[in-house]
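Notes follow the structure.
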Amino acid sequence: MIRIADLRHRLLDIPGLAVDARHIAVIGPNGSGKTTLLSVCSGIEEPDAGTVRLLDRPPSAVKVGWVGEFPDRTLLFSLVYDEIASTPRFRHRPCPETDATARAAAEEVGIRHLLGKETSSLSGGEKALVALAAACAGDPEVLVLDEADSHLDAVTAERVSRVVRESTAAHVLWCTQSMDAAAAADYVLFMEKGRVRHHGTPAEVFSALEETCFYPTMWRVCR
Amino acid sequence: MDLVFSRDSFTLRGSGIFGEGVHLVSGPVGSGKSTLALLLAGLLRPESGTVRRHGVLSADLLLQFPEHHITCPTVAGEAASWGLVPEDALALAELSGRADDDPFHLSRGELKRLTLACTLLKNPDLLLLDEPFSSLDCTTKRKACGMLEERDAGITIVFSHERAVLPRVDAIWEMEGGVLAARGSVPDAIPSWRHAPPYLRYALEQGARPVNIRLSDAREALCRIRG
């Protein structure tokens, strides 16, 4: 369960919201507060006012995996192995466990062959997969993806979707500009000017957006 | 154009003629779209082969990341650095109130709109756009497409993996594994377009024959066969 109460932070203004779904898509125009909401929900930023609770705990007490829009800007280490291993290392896990966790995460994302490579030699899509593996290492309770699919082609985006579907995370908060991807979520939040303008199942939210370009293209041609 | 370019283990090969009109070069991430854009812009030199330009007196490349274009501390200064009257560029980009702001204080979408407006106002004979739609919301993508479609002369080449909001185009090309393949002119090229967006593929599977590649073209074609 994700609970938000009286949240005010920068442009965000969310009086109350409780979501008990696993895969939550966050959509809306550029500048509507999607990234800010994800930052507050993952504990990267403390809200100016109000509270956010994930699994009945404050975000700082929850294991959160984060994948940003530009993996280039979040990769810290020069070797792929070190990047993925940084998650358990920052949690001070013992060396054998760190090694096993990093290798399992690389296996899960299908990038074991990249472990020995330098991050600077990777393509954009491969960098996104490394960022995803680092986020998935050590089984996060909540997985947060900020437009991680904006710079991915269809094949790589599908691989990211599969990993997210199969992860053990209780919640996945996924901000996307692909309405066809959002249509596959369990729950959708449509944000506008810092507020949650519509929320509910994809059918509920998109029926309110049918007159706009935020309606999924496949629904538009199939229905 | 007929060229070969390689770096490390990656080799790009392509030959073809880009005539007047709007060309879409699609293909997966890492297939060489950006490298081809740099080669066509003359910012990279091919190892062998040449890019020959006929009747092209001016060329501009819009980079994928708009922040890489910034050279001035204000939005108005940035427009002026393109050799434009700032008021015109800001009006087209719908940023008239932001003239004195730092360009880095604009959102990504706003910055992309600014650089796109500047290149379109410069109206070069050859306009190269590298992923002009990535990280824009659908409203801004639509506006960008409208601006491109209004350009009535010159050669426009759009490099993109966009799969929802596309402009009306005259020809389709595909990059895969560093090789450029010409699919031909639209609409005849549409059935052989391997990276066609899902809505277009669906329309084709239903037996519809869209006249162009936009969502509205797919819907109109479906309406025609469904009656």
**Q.** Any hit, region B:186-199, residues being under 21 Å from B:ALA93 (Cα atoms), within 14 Å of chain A (Cβ to nearest Cβ) and under 17 Å from the mean Cα position of the chain (by Cα)
**A.** no
Q) Restricting to region B:202-227, what's the tally of residues that are more than 10 Å from every other protein chain (Cβ to nearest Cβ), under 20 Å from B:HIS161 (Cβ atoms) and assigned to a helix (DSSP H, G or I)? A) 2
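Being assigned to a helix (DSSP H, G or I) and surrounded by 13 or more Cβ atoms within 10 Å (Cβ to Cβ) is the filter here; which residues of region A:75-99 pass it?
If we filter region A:75-99 for residues that are assigned to a helix (DSSP H, G or I), which is where we start, we get A:80-90, A:95-99.
Those that are assigned to a helix (DSSP H, G or I) and surrounded by 13 or more Cβ atoms within 10 Å (Cβ to Cβ): A:VAL80, A:TYR81, A:ASP82, A:GLU83, A:ILE84, A:ALA85, A:SER86, A:THR87, A:PRO88, A:ARG89, A:THR98, A:ASP99.
If I filter region A:65-73 for residues that are touching a helix residue (DSSP H, G or I) at 6+ places or on another chain (Cβ under 7 Å), surrounded by fewer than 19 Cβ atoms within 10 Å (Cβ to Cβ), within 14 Å of another protein chain (Cβ to nearest Cβ) and not in a helix (DSSP H, G or I), do I get at least one hit? Break it down into steps so the answer makes sense when it comes.
Going residue by residue through region A:65-73, those that are touching a helix residue (DSSP H, G or I) at 6+ places or on another chain (Cβ under 7 Å) are A:65-68, A:71-72.
Next cut, surrounded by fewer than 19 Cβ atoms within 10 Å (Cβ to Cβ) only: A:72.
Next, from what is left, pick out any that are within 14 Å of another protein chain (Cβ to nearest Cβ): A:72.
Then drop every residue that is not not in a helix (DSSP H, G or I), which leaves none.
The answer is no; no qualifying residue exists.
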Q: With the checklist (1) modelled with pLDDT of 90 or more; (2) surrounded by fewer than 19 Cβ atoms within 10 Å (Cβ to Cβ) in hand, flag the one item B:LEU61 doesn't pass.
A: (2)
Q) If B:SER134 passes every condition in (1) within 14 Å of chain A (Cβ to nearest Cβ); (2) small (Gly, Ala, Ser); (3) not in a loop (DSSP other than H, G, I, E, B) but one, which one does it miss? A) (3)
Q) What do you reckon, is B:ARG163 away from chain A (no Cβ under 14 Å) and in a loop (DSSP other than H, G, I, E, B)? A) no
**Q.** Pair list, Cβ under 8 Å, 6 or more apart: region B:102-114 residue under 15 Å from B:ALA91 (Cβ atoms) and within 8 Å of chain A (Cβ to nearest Cβ), other residue among the polar types (S, T, N, Q) and surrounded by 15 or more Cβ atoms within 10 Å (Cβ to Cβ)
**A.** B:GLU110/A:ASN30
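Of all residues in region A:4-43, count the ones that are over 19 Å from A:TRP174 (Cβ atoms) and part of a strand (DSSP E or B).
As a first pass, look at region A:4-43 and keep what is over 19 Å from A:TRP174 (Cβ atoms): A:5-11, A:13, A:15-16.
With the extra rule that they be part of a strand (DSSP E or B), the set shrinks to A:5-9, A:13, A:15-16.
Number of matching residues: 8.
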Q: Please report, ordered by residue number, the helices (runs of 4 or more DSSP H) entirely within region A:146-219 with at least 1 residues that are at pLDDT 95 or above and either under 20 Å from A:GLU69 (Cα atoms) or not β-branched (Val, Ile, Thr) (or both).
A: A:179-182, A:202-208
**Q.** Set A:VAL196, A:VAL172, A:VAL142: member being of a type outside the set (Ser, Thr, Tyr), more than 14 Å from chain B (Cβ to nearest Cβ), surrounded by 21 or more Cβ atoms within 10 Å (Cβ to Cβ) and over 16 Å from the mean Cα position of the chain (by Cα)
**A.** A:VAL196
Q | Breaking point among (1) surrounded by 20 or more Cβ atoms within 10 Å (Cβ to Cβ); (2) within 11 Å of chain A (Cβ to nearest Cβ), for B:LEU180 | A | (2)
Q: Return the pairs, sorted by first residue and then second, in which the second residue is loosely packed, with under 14 Cβ neighbours inside 10 Å, the first residue lies in region B:199-227 and is of a type in the set (Val, Ile, Thr), the beta carbons are less than 6 Å apart, and the residues are 6+ apart or on different chains.
A: B:ILE225/B:GLY207
Q.
Residues to consider are B:SER134, B:SER160; find the one that is out of contact with any Pro (no Cβ under 8 Å at 6 or more places or on another chain) and hydroxyl-bearing (Ser, Thr, Tyr).
A. B:SER134
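The values are calculated or read from the model by the stated rules, or taken from the named source; none is laboratory data. Here the structure is a predicted model, which is why all the values come from computation and not from measurement. All Cβ positions, glycine included, derive from the backbone under ideal geometry; neighbour counts span all protein chains shown.
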